[in-house]
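Inspection log for the structure reproduced underneath, given as structure tokens.
Readers should treat all values here as calculations from the given coordinates under stated rules, not as data from a laboratory. Model, not experiment: these values are computed from the prediction. No Cβ is skipped: glycine too gets one built from the backbone with ideal geometry, and neighbour counts run over all protein chains shown.
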Amino acid sequence: MGIPEPSTPAGRAGLAALLADPRSAVVALDFDGTLAPIVADPGSARADPAAVAALEALAPHLGAVVVVTGRPAAVAVEYGGFAGLERFTVLGQYGAERWEAGELSSPPPPPGVAAARALLPAVLAESGAWIEDKGRALAVHTRRTADPQRVLEQLRAPLEQLAEQAGLMVEPGRYVLELRPPGVDKGGALTAFLAERPRGAVLYAGDDLGDLPAYAALERRRTEGHPALLVCSSATTGEAQVTELADRADLLVPGPAGVAALLEALAAQL
């Protein structure tokens, strides 16, 4: 299978630049919904084995591969099976944590997270929602409830109020509201990582609203003359399509299996 053609001129230029000079290029990827299928229990998420195999083949030809995720970095490494990959970095907790070559750097969480952790159970009582504790952030999931979207909307206002009291912000996603420190997002994490490297082409693949800041960061790089390819891992089941992300993407692929196929095609070409 060949590499699918991006639908935009900017995307085609980004792909061409990556293929022309892979050693200065970076492939950046979200984890959940991009490398790993979305599942009801985030603790059961695992990267698509085909994607991991493709990254193992692809990474030696690139400047770097980086996973940018809201998960703790060590969890992403474990669930992804990334420990043995070359030229590979995981930026966890939106860049607050960094795993590279088996070494993990992780500062202590801000105090507002502990305050929110203590108050959340009372806010969520009888809602059916549950908490995924990420250490530096708290994700409230409604996916398992009878009406996930309705419960999400009911919780939005009280969670925003709680977040304000704790000095946090609320980041929405597909059937999830995440409370985390303000000023921390995938765009900032990716920008800081790219600042360490030559100004080569960047491919970024994501699937949800939390990936929009990374898209925005690469769109700004494009205005400075640095090529990028924006990939959307689009919904393939009953999940709602994240229209805003899909509309800004250069290339849509069918979920994590499509991301894996894209990575395999890139590895074969290089």
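Think of each Lys and Arg Cβ as +1 and each Asp and Glu Cβ as -1; about the Cα centre, that makes the dipole of segment 111-180 roughly 200 debye. Cα gyration tensor of segment 136-270, axes a ≥ b ≥ c as square roots of the eigenvalues: rounded (a/c below 1.5), prolate (a/b > b/c) or oblate? Verdict is oblate for segment 136-270.
With the charge dipole of the chain set up from +1 on Lys and Arg Cβ and -1 on Asp and Glu Cβ about the Cα centre, the Cα lying farthest toward the positive end among the listed residues Pro227, Ala45, Phe88 is that of Pro227. Hydrophobic, long helices, defined as DSSP H runs whose alpha-carbon span along the helix axis is 18 Å or greater and whose mean Kyte-Doolittle value is at least -0.5, occur in the chain at 111-124, 255-269. Loop-resident GluC sites (Glu not before Pro) (DSSP state other than H, G, I, E or B) in segment 123-171 with no more than 15 further Cβ atoms inside 10 Å of their Cβ: Glu126.
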